[in-house]
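Asks: Sending over a structure as structure tokens; questions will come in a sec.
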Amino acid sequence: MQQRTILTHADAMKIIEVIRAELEKGGKGAAIAVADEHGELIALLRTDGCPLPSIVIASNKAWTAARERKPSKAVGTSSKEKGWPMTNFGDLRYTAWGGGVPIMYEGQCIGAVGVSGLPEEEDMVLAEMGVKALVG
Amino acid sequence: MSYDIIIIGTGAGGGTLAYGLRESGMKVLVIERGDYLPREDANWNVDAVFYQKRYKPTEQWIDARNGTEFQPGVHYFVGGNTKVYGAALPRFRREDFEALEHEGGTSPAWPISYADLEPYYNQVERIYGVHGQSGDDPTEPPRSQPFPHPPVPHESYMQDLSDSLKAKGYHPFYLPVGIDLREGGKCIRCKTCDGFPCKVDAKADADTRCIRPIVESGSVTLWTKSYVRRLLTDPSGRKVNAVEVEKDGQILQVSAERVVVACGAVNSAALLLRSADSKHPNGLANRSGLVGRHYMVHNNSAMAAINPFKVNPVVFQKTLSINDFYFKGPGFNYPMGNLQMVGKLQAGMLSLAQPLVPRPILKEMANRSNDWWIMSEDLPNPDNRIEVGSDGRIRVHYTPTNRVAHEQLIKAAKRMIQEAGYPLVFIERMGIETNSHQCGTIRFGTDPAHSVLDPFNKAHDLDNLYVMDSSFFPSSAAMNPALTIAAQALRVADHLMGK
């Protein structure tokens, strides 16, 4: 039998709170998604001023990162550099944008964080910040 | 071949000492195991310098705790380790020369005081062209002369950081650095200063500021690519009467009235130990048994702090330092150490946060981080020592000391930078291979039973042997050592000239 560490909704809330506080300091609106190890949503917050498309994009970034166990940016970069289209995954939820980051814990992917609504680099750093708040 | 003085090594100690003797009229031979560091494109290449370690020797030392090998942070070139140092040239604090109680034990007193070295600090700051400003650092020792150059100004991101720290009640000050930044100077203010050789000779190192000027003027003779195997003593055992050198594939002997060993704290100790003979069975100058002992390297960590919404476009980051925790900190009544900026972290230079942070994100982090060196005093422990194995290889016994204070400093630094508005913080603790501040292995003192050198760095046991590098430090303080080594070198030069 295999034992796994599972993200609780309290863990998800902790991540969301850290990123939310930082967004507030920067006076910016965005969507924050936290997913389990399969990519399924545990929590999603859209802060005031969040652009509408970001709601779907944030969850899809978390989905991509959790299912590939790597940052969504890395998936996007491979697609670009190696020339294969993102549709090769046969999964339209996969996104090439940065801002989805897996939560790695003791060598296993236990979930992912997705942030969307800001410049891509800021989405990436904020998502990483959320991961670090839990497992850093 | 005979000289008045032979100096073995050209770093902050040997190089500055040779410079101090330039008008003595003495016949001086300087011996360096390496060559001049080549001026080439690779000087400023992150890949070549940090990954391929182009300017480090391939030599491996042995970690005696577990027998594993490691590549030491040493550089065998004219100018020694100063060729790649960060050019941070602060004075030690007045209290560093006195006994100081630390959480991990006592930092012992030096046989000389700050006042003994102060005039030489002034001189050496001029030689190395130090930029700085007094009045901001709460721990600053008294100065009889101002800094020779104004401080290196903060770039706008750094000015913001400095202002935020001040607003939170901290006391940031301009880090004293030796670079040729002035109207008509050579410095072009680049990213590749700290840890890199300077391609345009703008960094004040022992090569550009000391050795090259005196070699060009003909006041000393310099042998490069010449490795000193051992020192030979006369029948009385009181005098070094020859230096055995490997040069151009030949082994030859050269002698001098006086011999100065300045190979760096590890290699100087190794040379004395290698020179054991029937009269000195435990190594030269080692009646006390202390040669190689009390090896110290500082407790070092790196910190990167990030505000997700602030890109850091800084070019020359190394302009700020904090000593608010030098003697004590919040809830901790012992010395903690110094914080100072390092050269701007370029993607992949430090393995900071790896493997935790995936690579694509690391780059964005590096674009947004301000990067610090966290440095605490390492205390002298006789069991931390350098040995030379029967195979001739260097073995290092080292267990860090004073770790509680260092962890407290890391905590304080983290809190400080978060208060200043940089919430995401990464810390990396450095290991045995980070030995750029090596010292203590041939300590000076007044009592021959408890020290190897006298207060002018002459060996107690021999009449004509001196050691002039950081080996002589009885304690490591928590500041960069180069300026203090160089100041003592000028003091020893005066002494050798009978002043």
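The values are calculated or read from the model by the stated rules, or taken from the named source; none is laboratory data. Just so you know, these numbers come straight off a predicted model, no measurement behind them. For neighbour counting, all protein chains shown are included, and Cβ atoms are generated from backbone atoms with ideal geometry for every residue, glycine included.
Asks: Please go through the stretch A:42-100 and give me each residue that is at positive phi and within 14 Å of chain B (Cβ to nearest Cβ), ordered by number. Quick ask: steps written out before the conclusion?
Replies: Filtering the stretch A:42-100 down to residues at positive phi leaves A:49, A:69, A:83, A:90, A:99.
A:R69, A:G99 - these are the residues of the stretch A:42-100 that are at positive phi and within 14 Å of chain B (Cβ to nearest Cβ).
Asks: Within the stretch B:302-322, which residues are part of a loop (DSSP other than H, G, I, E, B), within 14 Å of chain A (Cβ to nearest Cβ) and buried (at least 20 other Cβ atoms within 10 Å of the Cβ)? So that I can check it myself, show each step before the final result.
Replies: Taking the stretch B:302-322 as the starting set, the residues that turn out to be part of a loop (DSSP other than H, G, I, E, B) are B:307-319.
Checking the rest, the ones that are also within 14 Å of chain A (Cβ to nearest Cβ) come to B:307-313.
Residues satisfying the conditions are B:N307, B:P308, B:N312.
Asks: Hey, A:V131 hits all of (1) part of a helix (DSSP H, G or I); (2) more than 14 Å from chain B (Cβ to nearest Cβ); (3) within 10 Å of the chain's Cα centre (by Cα) but one; which does it fall short on?
Replies: (2)
Asks: Looking at the stretch B:274-284, can you tell me whether even one residue there is basic (K, R), surrounded by 20 or more Cβ atoms within 10 Å (Cβ to Cβ), in contact with a strand residue (DSSP E or B) (Cβ under 6 Å, 6 or more places away or on another chain) and touching a residue at least 60 places away in the same chain (Cβ under 8 Å)? Please lay out each step first, then the result.
Replies: Pass one, the stretch B:274-284, residues basic (K, R): B:274, B:279.
When the remaining residues are screened for being surrounded by 20 or more Cβ atoms within 10 Å (Cβ to Cβ), the result is none.
No, every residue in the stretch B:274-284 fails to be basic (K, R), surrounded by 20 or more Cβ atoms within 10 Å (Cβ to Cβ), in contact with a strand residue (DSSP E or B) (Cβ under 6 Å, 6 or more places away or on another chain) and touching a residue at least 60 places away in the same chain (Cβ under 8 Å).
Asks: Within the stretch B:107-130, count every residue that is on the phi < 0 side of the Ramachandran plot and touching a residue at least 60 places away in the same chain (Cβ under 8 Å). Walk me through it before giving the result.
Replies: To start, the set of residues in the stretch B:107-130 that are on the phi < 0 side of the Ramachandran plot comprises B:107-128, B:130.
Keeping just the survivors that are touching a residue at least 60 places away in the same chain (Cβ under 8 Å) gives B:107-112, B:116-117, B:120-121, B:123-125, B:127-128, B:130.
Counting residues in the stretch B:107-130 that are on the phi < 0 side of the Ramachandran plot and touching a residue at least 60 places away in the same chain (Cβ under 8 Å) gives 16.
Asks: Somewhere in the stretch A:75-92, is a residue touching a residue at least 12 places away in the same chain (Cβ under 8 Å) and within 23 Å of A:D11 (Cβ to Cβ)?
Replies: Looking for residues that are touching a residue at least 12 places away in the same chain (Cβ under 8 Å) and within 23 Å of A:D11 (Cβ to Cβ), one finds none in the stretch A:75-92, hence no.
Asks: Can you pull out every residue in the stretch A:21-30 that is of a type outside the set (D, E) and surrounded by 15 or more Cβ atoms within 10 Å (Cβ to Cβ)?
Replies: Applying the first criterion (of a type outside the set (D, E)) to the stretch A:21-30 yields A:21, A:23, A:25-30.
The answer is A:L23, A:G26, A:K28, A:G29, A:A30.
Asks: If A:E122 satisfies all but one of (1) within 14 Å of another protein chain (Cβ to nearest Cβ); (2) assigned to a loop (DSSP other than H, G, I, E, B); (3) more than 11 Å from the chain's Cα centre (by Cα); (4) not aromatic (F, W, Y), what's the number of the condition it fails?
Replies: Among (1) within 14 Å of another protein chain (Cβ to nearest Cβ); (2) assigned to a loop (DSSP other than H, G, I, E, B); (3) more than 11 Å from the chain's Cα centre (by Cα); (4) not aromatic (F, W, Y), A:E122 violates only (2).
Asks: Still on this model: Counting just the residues of the stretch B:325-336 that are surrounded by 22 or more Cβ atoms within 10 Å (Cβ to Cβ) and not hydrophobic (A, V, I, L, M, F, W, C), which one comes out nearest to A:L23 (Cα to Cα)? Break it down stepwise before answering.
Replies: Within the stretch B:325-336, the subset surrounded by 22 or more Cβ atoms within 10 Å (Cβ to Cβ) is B:325-326, B:335-336.
Applying the additional criterion that residues be not hydrophobic (A, V, I, L, M, F, W, C) yields B:326, B:335.
Working: B:Y326: 35, B:P335: 37 Å.
Of everything passing the filter in the stretch B:325-336, B:Y326 is nearest to A:L23 (Cα to Cα).
Conditions (1) part of a strand (DSSP E or B); (2) surrounded by fewer than 22 Cβ atoms within 10 Å (Cβ to Cβ); (3) among the hydrophobic types (A, V, I, L, M, F, W, C), marked per residue:
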site: A:T64; (1), (2), (3): no, no, no
site: A:K80; (1), (2), (3): no, yes, no
site: A:T87; (1), (2), (3): no, yes, no
site: A:C109; (1), (2), (3): yes, yes, yes
site: A:A112; (1), (2), (3): yes, no, yes
site: A:V115; (1), (2), (3): yes, no, yes
site: A:L126; (1), (2), (3): no, no, yes
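Asks: Here is a further query. Any residue in the stretch B:430-438 that is out of contact with any Gly (no Cβ under 6 Å at 6 or more places or on another chain) and modelled with pLDDT of 95 or more?
Replies: Yes: one or more hits.
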